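Read through the structure below, which is laid out as C-alpha cells, and then see the notes.
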Amino acid sequence: MSETALLQNYLLVGSILFALGLTGFLIRRNLIVMFLCAEMMLQGVSLSLIAWGRYHNDWSGQMLVIFIITVAACEAGIALALVLALCRKSGSLDIVNWQNVREEGRMPYIDQEVPAEAMESEAWPTLTPAGIEPATDQQELYRSNV
Amino acid sequence: MSDNLIILIPFFPLLAAILIAILGPKLLKENSHYVTVLAFAASFVCSLMLFFSVQGQVVEEGTSFESVTTLWTWAAVDNAMIDADGHSVPFLIDVTLRSDALTSIMLCMVTFIATLVAIFGAGYMHGDRGYWRFFAYVSLFVFSMTMLVSVSNFLLLFVFWEAVGLCSYLLIGFWYHKPEASAAGKKAFLVNRVGDFGFALAIFLIWINYGTLNFHDYVVDGQVIIPGVFGQMRLGGALPYVQGGMATAICLLLMLGACGKSAQFPLHVWLPDAMEGPTPVSALIHAATMVTAGVYMVTRCTPLFHASPDAQVTVACIGGFTALLAGLIALTQHDLKRVLAYSTVSQLGYMFLALGTGSLAGIVAGMFHLFTHAFFKALLFLGSGSVMHAMGNVIDMRRFGGLRHLMPWTFRTFLVGCLALAGIFPFAGFWSKDAILASVHDRAYPGAHSHDSQDSEHDADHDADQDADDHATHSVALLSADHAGSNQADSYTNIYVWLYRSACFTAFLTAFYTFRAFFLTFYGPQVIPDESGHHAHESPPMMWIPLAILAIFAFLIGFVSELDHKFAHLLTSTPSLAFAGMHDTMQPGGFHMDIAISSSIIAVLGIALAAFLYLGHQREVEAISKLKLVAPLRALSLNKFYLDEIYTWAVVKPLEFLGIIYFWLDRWLVDGLVNLIGKVPVALGSGFRYLQTGLLPFYSLSMVVAMLILLFLGQVLWGGG
C-alpha cells in the first residue's frame, strides 16, 4: 500500500473517531459518557497526528501524542473525581441537573418527561478482602456506592 | 548652667508625657499623677534656678540680656531667596532655646501653676476612666507651652503654637462622649485656625522682609552671619525695621494670630465653650497659660509693632473693645465657669489694651497683668472646680448657693481670688490693673505724666472725663514740640482717651460680675442640687491646699513684684523691649496715686452694687430686670450679644450651604463620571449574560457551530490557505 493511501486510511479512521466523539459529546447528557466522548475526540486527533508524523517521516507527531496521552491521563483523573463529586451531590449523572449555575433570571431548561429507567440489579462488584473470611453483611453488600 | 536648665525645663514634662502614654493604660493607671507632678515640680525648680541666673546676669551684663542655646539644625537651605540687594539668603532653622527675662518669667509662671493644677487635678479627676490620659495630655501641654515661650524662632514658635492648640483641643474634648464637649473642642480648633492662618501669613511676610525667622543673631566665630529679627544688630539700630504699610500688614496678621489664641474679638467665641473641658484644664490652659500666648507673642514682637502706630492702636482698640464686650456678657451668665471664662477674655483684652499703648510702661503693665492674672484666675477656676466637685458637676449658679459654711477653704480662697480680680488693694490684681490704667492714661494724656511726677499735688480725684479735652489739646502741643517725628501716632490720642474711659468702666464691670458670682455661690440660703447626693462636702486637702498656695500668691505676688519695680526692671532687660526706640517712650514705674484711688473707688462701687443686688433677697434684681429699658439689654448680654448666632448665620450656614453644593457636585458630577465608565462594561455584558444557560450541551454546540462558522469564513475569505 502506498504511503498516501495509508495516510488516507489513518486520517479517515481518525476523523471518524473524532466525529463520533463530537456527536456523542453533543447529544448525550450522561457525565461519564460525555467524558468518554471527549476522550474519543482526543484519540481521533492523536491518530491523525501519528499518521502525519509517519507520512512526513518526522517524530514530532509521535512525541506530541505521548504528551497528549500523559495530559489526558491527568485530566481523566481530575475529571472522574469531579464527576464523582457532582454525582454524589445530585444523585444522578445527568448534566442537566447542574443548570442552576446559569445566569440569574434565566428560565431553566425543562425536559420532556423521560421514561423511568428500568431498575438495574443493584449488586455492585466489590473487591473481596484477601486472606480472611468476609463477614457478609447483606445491607453493606447491596448498598450503592455511587 | 542656664544652657542645661533651659533644656531640662521642657524635657521633664515631655518625659512625663511619653512615660504616661506608654505605661499609663497598663502600669501606672491611678498613679499617673505622681509622674506628672514630679516632672512639673522638677521643671519649676529648674525654672526658678534659670530665673535667678538670668536675674544675676542681667545685673552683671546690663540692660539687654539674652542667652541662646542651639540644640540642632532643623532645616538648612542655601540660596533660599535673593534679597533686594541681590545677595542670596539661606533658610536656616535651628532648634534654638533662649533664656531672657521674658522667657524666664513665663517659664516660672507656667511651671508653678502647672504643678499646682496637676496636684489639684489628681484630686479632681480621681476615679475618671481617662485618668492617665488626662495627665499625659497635660504633660504634653506643659512641654509645648514651655517650648513655646523659650524657642527663638518664628517657625518653631508657630509649631508649638499649634502644639498647645492641639493639647487644648484634646483636653476640651476630653470627655468626648459628651456631644457638647466634642463640639466645643472642634469649635476651639476651627476658630483657632482662622487666627493661625493670619499668623502663618505674618511669618511669610517676615521671611520676605527680614530674610530670617530667627529672633537672635546667627553668630559664627563672633561674626554676625544672619542678623535676627530681634537680634542685637537690629535692636541696636544697625539695621532698620520695615516701616509703613508692610509693617502694619505684618503686625495686623500677627495680631490676628494672637486674637485666635488669646480669644480676642472677633475670635473670642471659642473660649467660653472651652469650659466643657475638665476644670483643672480650664484653669491651666484656658485661663493662666495658653491663652496668654498671644500676649507673649505680641510682647516678643514689640519692635515690629513699634514700627507701626496704626497696628498698635488697632491692638489697643481690639483689646479695649473685647474687655468691655466680655465684661458686659459676664454680667448675666448663670454658669459660674462661663462668668470666669468671659472674665478671662475681658482681662486678656486689658492686656492687649496695655500692649497697644506702645509705650514701655504699657507693655510691662500688660505682661505684669498676664503674670498676676495667671495666679488669681487659676485660683478662681480651681475654686469653681472645687465647687463643681462638691455639687456633683452642677455649675449653674441658680442651683446652688450659700456654700460658705459647707466649703470654708474654697470660700476663703475664692474670696481672695475675687478681690484680686476686682483689683482691691493690696491684692495682685490691684497692682497690675493699675499699671495698665496708668499706662493707658499716660498714652491718652501724654502731658499728664510729667505733671504728675513734678507736681505731687495733682488733684487725685480729678474727673477724667471733664479734663479730657483740656489734656488732649495740651498734650498735642507738648508732644509736637518734643517728638516731631511721631506726630502721626498722636492723632490717635483721642482714641486712647475713649479707651481709657472704657477701661475704667470695664474695671467697674469686673468688680461687679466677680462679686455677683461670689455672692450667688457662697451667700444666701444654702442650696445644694440633687446631683451632689447627700455628701456635699469640702474638697479633700489635695484640692484645697493648691488653692491656699495660689491664694497666698494672689495676695502677695503683685506687691512683691512691684516693690522697687523689680518686675519692670527685669522685664525691660528682654532684648525685644530694650532697644533704642523703645526707651524714648514712657518708662514704667510711674505709680499714679490718682489713678490708683479712682480705680479702687470704681472697684469698691462695683462690689457694693453687687452686694446690694445679690446679697439677701434678690427683689431688686427681679425688679430691675423687668424694667422695659433693661430687659432687652439683659437679653442681649445673656445671649452673648448674639455673636454665636451671627456667626452661625453669617459664616457657618453659608459654608454649610457651600459644603452641600460641593457634596452634590462630588457625588453626582465627579463620582457620576467615574461610575459611568464603570457602567459601560456592565451594559455590554448584560446582552451576553443570557447566553449563560447552565446547560453544558448548549455550550458545546455553540462552540462547534462557532468553529464551523470560523472555518467556513476562513475558507471564503482567505481561500483556505
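The values are calculated or read from the model by the stated rules, or taken from the named source; none is laboratory data. Note that the coordinates shown come from a computational prediction; the quantities given were computed from them, not determined experimentally. As a convention, Cβ positions derive from the backbone with ideal geometry for all residues, glycine included, and neighbour counts pool all protein chains shown. The protein model used for the area step is the full one, side chains on, heavy atoms only, and it has no ligands, DNA or RNA in it. Shrake-Rupley method; radii C 1.70, N 1.55, O 1.52, S 1.80 Å.
So what's the stretch B:146-190 giving for Rg/Rh, alpha carbon basis, Kirkwood Rh from the mean inverse pair distance?
Numbers: Rg = 12.7 Å, Rh = 11.2 Å.
Result: Rg/Rh = 1.14.
Paramagnetic label reach from B:Ile7 (point 7 Å along Cα→Cβ; backbone nitrogen cut-off under 14 Å): within the stretch B:51-78, residues B:68-73.
Placing pseudo-labels 7 Å out from each Cα toward the beta carbon at B:Leu669 and B:Leu166 gives an inter-label distance of 3.5 nm. If you wrap the tightest convex hull around every Cα atom of chain B and split its volume per residue, you get 267 Å³.
Compute for chains A and B the buried accessible surface, both sides summed, probe 1.4 Å, and express it in Å² to the nearest 100. Spell out each step's value before the answer.
Numbers: alone 11640 and 30550 Å², together 41010 Å².
For A against B, buried area totals roughly 1200 Å².
Computed on the Cα atoms alone, the convex hull of the stretch A:3-100 gives a volume of 77 cubic angstrom per residue.
Antiparallel DSSP bridges in chain B: what percent, to the nearest 5?
Working: 18 of 18 bridges.
Roughly 100 percent of the beta bridges in chain B run antiparallel, per DSSP.
The label point for A:Asn9 and the one for A:Trp124, both projected 7 Å from the Cα toward the Cβ, are 4.3 nm apart. Can you compute the FRET efficiency between B:Lys186 and B:His126 using 1/(1 + (r/R0)^6), with r the Cβ-Cβ distance and R0 = 30 Å? Round to the nearest 0.05. FRET efficiency, B:Lys186 to B:His126: 0.60. Return the whole-Å distance between the Cα centroid of the stretch A:27-56 and the Cα centroid of the stretch B:265-313. Going from one Cα centre to the other spans 91 Å.
Distances between every pair of Cα atoms in the stretch B:284-344, grouped in 5 Å steps from 0 to the bin holding the largest one, split as 4, 16, 19, 21, 17, 12, 7, 3, 1 percent.
Computed with a 1.4 Å probe over protein heavy atoms only, the accessible surface of the stretch A:3-100 comes to 62 Å² per residue.
Suppose R0 equals 41 Å; then what is the FRET efficiency for B:Ile661 and B:His177 from their Cβ-Cβ distance, rounded to the nearest 0.05?
Values: r = 33 Å, r/R0 = 0.79.
Computed FRET efficiency for B:Ile661 and B:His177 comes out at 0.80.
For the stretch A:3-100, the residue among A:Thr23, A:Gln43, A:Ala72 whose Cα projects farthest onto the positive side of the dipole built from Cβ charges is A:Thr23.
Pull out the extension gain between B:Arg689 and B:Val194, defined as 0.36 nm times the separation in residues minus the alpha carbon to alpha carbon distance; nm, one decimal.
Details: separation 495, 0.36 × 495 = 178.20 nm, distance 5.66 nm.
Separation in residues times 0.36 nm, less the Cα-Cα distance, equals 172.5 nm.
Please give the per residue accessible area of chain B, computed with a probe of 1.4 Å over protein heavy atoms only, in Å². Walk me through the numbers on the way to the answer.
Working: 29950 Å² over 721 residues.
Accessible area per residue: 42 Å².
Please name the residues of the stretch B:672-699 whose accessible area, counted over protein heavy atoms with a 1.4 angstrom probe, falls by no less than 50 Å² between the chain alone and the full protein assembly. Output list: B:Tyr690, B:Gln692, B:Thr693, B:Gly694, B:Leu695, B:Leu696, B:Pro697.
Between 0 and 90 degrees, the angle of helix B:653-664 with respect to the longest Cα principal axis of chain B falls at about 10 degrees.
Which semi-axes, in whole Å and largest first, does the equivalent ellipsoid of the stretch B:630-687 have when worked out from the alpha carbon gyration tensor as the square roots of 5 times its eigenvalues? Provide the component values of the computation, followed by the final result.
Details: eigenvalues 531, 13, 5 Å².
With the √(5λ) rule applied to the stretch B:630-687, the semi-axes are 52, 8, 5 Å.
Estimated translational diffusion coefficient (Stokes-Einstein, Kirkwood radius over Cα pairs, 25 °C, 0.890 mPa s) of the stretch B:199-357: 148 µm² per second. Surface composition of the stretch A:3-100: carbon and sulfur make up 72 percent of the accessible area, probe 1.4 Å.
Protein heavy-atom surface of chain B, 1.4 angstrom probe: 69% of the accessible area is carbon and sulfur, with nucleic acids and ligands not counted. Shown is the FRET efficiency for B:Ile709 and A:Arg106, computed with R0 = 22 Å from the Cβ-Cβ distance and rounded to the nearest 0.05: 0.40.
State the extension gain, in nm to one decimal, for the chain segment bounded by B:Asp530 and B:Leu27, taking 0.36 nm per residue of separation less the distance between their alpha-carbons.
This chain segment gains 177.5 nm when fully extended.
Over all other residues within a Cβ to Cβ distance under 14 Å of B:Leu370, the charged ones net out to +4, with Lys and Arg as +1 and Asp and Glu as -1. In chain B, helices alone account for a calculated mean residue ellipticity at 222 nm of -22500 deg cm²/dmol, with every DSSP H run of four or more residues adding -39,500 (n - 2.57). What does a probe at B:Leu48 reach in the stretch B:108-145, counting residues whose amide N is under 11 Å from the point 7 Å along Cα→Cβ? So the set is B:112. With a simple spin-label model that places each label point 7 Å from the Cα along the Cα-to-Cβ direction, the separation between B:Val224 and A:His56 comes to 9.4 nm. Legend: Rg and Dmax of the protein assembly as shown, from Cα coordinates, 44.0, 151 Å.
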